[in-house]
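The values are calculated or read from the model by the stated rules, or taken from the named source; none is laboratory data. The shown structure was predicted, so the numbers you read here are calculated from the model rather than taken from an experiment. No Cβ is skipped: glycine too gets one built from the backbone with ideal geometry, and neighbour counts run over all protein chains shown. Please note that ligands, DNA and RNA were not included when accessible areas were found on the heavy atoms of the full protein model with its side chains. Shrake-Rupley method; radii C 1.70, N 1.55, O 1.52, S 1.80 Å.
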Amino acid sequence: MVGKKLFWTVLVSVLLLKIFILVLFPILGDEAYYFTWAQHPAGGYYDIAPMIAWWLYPYTKLNLPSEWFRILMVIAHLGVAWMIASVCGKWSRFVFLVNLIAPLLIVNVILIADWPLAFFYCAAGVVFFLADQERSQRKSMLLAFASGLLLGLAFLSKYFAVTFFPSALVYLLFTKKDLKRSVLLLVTLGIGFLPGIAQHFFWNQENCFKTIQFNLFTRQNAYDGTFANTFGHYWLYVLALVGPAPLFFSKKFFLKSQDAVNPIERFALVQFLVPMALFCVSAISKGQGIHWYMSYQPWFWTWVALRLARLDLVSLKAKIGLFLWPSIQAVAAITLLVLPIEKLRPSIGERSWRDLVLTTSRDRVAKLISDQPPVSAVISDNYSYASVLSVAFKESGIHLPVGVFGPGVRFGRSFDAWMDWPSLDGKDMLWIGRAFPPELAGSFQSVEMIDPKGIPIAILRGHGFIAQKYLQQYGADILQNYYKKFSWERACATRHYLGAE
């Protein structure tokens, strides 16, 4: 169905485009945040489980530009496409190409936290499908156990891995398999999943259950907007994932075929529909991000590719539908890359524009800091820019701790665990952020402005940090807002993260 020449032409073209994007797109706040995690290897972190840091850790040992760590995501994308294609028989080459071009070309390069999840989640799905198709019960159970182990690694990437269980259950019920065998498959899958759960639980037990607290309580208590906002955005995200391609397929594509349904086709459809249905229910009240669905999107496009191939519908019309959406995304990506930053200012708002300028000016900021008299630490007003600063310092050879001053944005997150505020008592620090925060002066003996050398940011030097006053001013608020579920959690967080009793 797909000749070698076309296959390699599309593969090389897409890879070149992705490399072009990953090299020229500046490292963004969340990317820098997780890259900073990798420089502090641990068994877990405040926001999510540790897999993304483990994934990036080897790269931090290489003397390469930070943006190039996105090549790991490109490799992961190729891995996902190859794994799924490997169980699609004679249509494998076509399925591989569709999965390569169909997912969002822009965000799937720069949303690094979701690729370990997508990789292990899809790997678990492929192995579970093989377990279901295997006739030997012994081999089938071994494959189901291996699928559980992979799913445990996906869970150590993000909690969304648990959506695999209802998907597997629906698939087994839908295919009307032998009940006893289906139960054994699910139980064996669950047993393989246990090591991942155990690692995460025991690490949290030693660290105030902070990851669980943040995801199950803190994040859930945040205001996500009205029903129109959360539910409307969900459907916009679905449209972005699916794109206009189905509109270009023939009616026969949507009608039930007289032929027997290919097992992998059915498996792929269930792997997409069940999690998306769960997120649809969640979207009634909770806001979501398009990157939340990246683990399920390959299964949708696998179903599309198999459906087209099996019904011999790869017509000119279908090809236009397949290539239209990624082509639009490619044009949008290139436009963003060549567009002057100043042109974006009216459309993205003053705050977002200033954050973008801070991000793209990180090397100039690092140079400015290195020219200043020595300080003991650098602080910022939010974890996102503190992360960008930490990356800039690593690349510039500046050895300074970076922290988030005050409650930051939704807590200082992992930076609060890394900063030892009492040890900085009486020391000087540099504050870098969007604008001068009046409350900064209350935690220092004196504060002076530093010329930002044309960069639209505020830089201040705080002389004589007053640790006790800082902890009194912000400690109670942080503990009340982010560790308010149980009293023992507040006591644990007080000892571990704020350095106070």
Of all DSSP beta bridges in the chain, what percent run antiparallel (nearest 5)? 60
1.4 Å probe accessible area per residue over the range 1-101, in Å²: 41
If one compares the long axis through the Cα atoms of helix 137-155 with the longest principal axis of the Cα atoms of the chain, the angle in degrees, nearest 10, works out at 30
Relative contact order (%) - the chain, alpha-carbon pairs under 8 angstrom, separation at least six: 16
Once both axes come from the Cα atoms, what is the angle between helix 29-38 and the longest principal axis of the chain, in degrees from 0 to 90, rounded to 10? 90
With θ taken as phi - 60° and the coefficients 6.51, -1.76 and 1.60, list the Karplus ³J(HN,Hα) couplings across the range 80-88 in order, rounded to whole Hz; mark glycine and proline as x. 4, 4, 5, 4, 5, 5, 5, 9, 9
Can you give the alpha-carbon Rg of the range 37-90 over 2.2 N^0.38 Å, where N counts its residues? 1.45
Place the peptides 153-162, 424-433 in order of packing, highest mean first, counting for every residue the other Cβ atoms within 10 Å and averaging per peptide. 153-162, 424-433
Within the range 253-333, which trypsin sites (Lys or Arg not before Pro) sit in a loop by DSSP and count at most 15 neighbouring Cβ atoms inside 10 Å? 256
Helix 115-133 against the longest principal axis of the chain: what's the angle in degrees, Cα atoms only, rounded to the nearest 10? 30
Setting aside same-chain residues fewer than 8 positions from residue 177, which lysines have a Cα under 21 Å from its Cα? 139
Computed about the Cα centre, the charge dipole of the chain from +1 Lys/Arg and -1 Asp/Glu charges at the Cβ has a magnitude in debye, to the nearest 20, of 2040
Could you please state how large a percent of the accessible area of the chain is carbon and sulfur, counting protein chains only and using a 1.4 Å probe? 65
Dipole axis of the chain (+1 Lys, Arg; -1 Asp, Glu on Cβ), positive-most option in 196, 455, 438: 196
Rolling a 1.4 angstrom probe over the protein heavy atoms, how many square angstrom per residue are accessible across the range 171-329? 49
Beyond 23 Å between alpha-carbons counts as too far, so tell me which of 367/469; 367/394; 176/252; 176/319; 90/252 fall in that bin. 367/469; 176/252; 176/319
Check residue 403: other-chain or 5+ apart residues with amide H under 5 Å from its amide H, H built from backbone geometry? 378, 379, 380
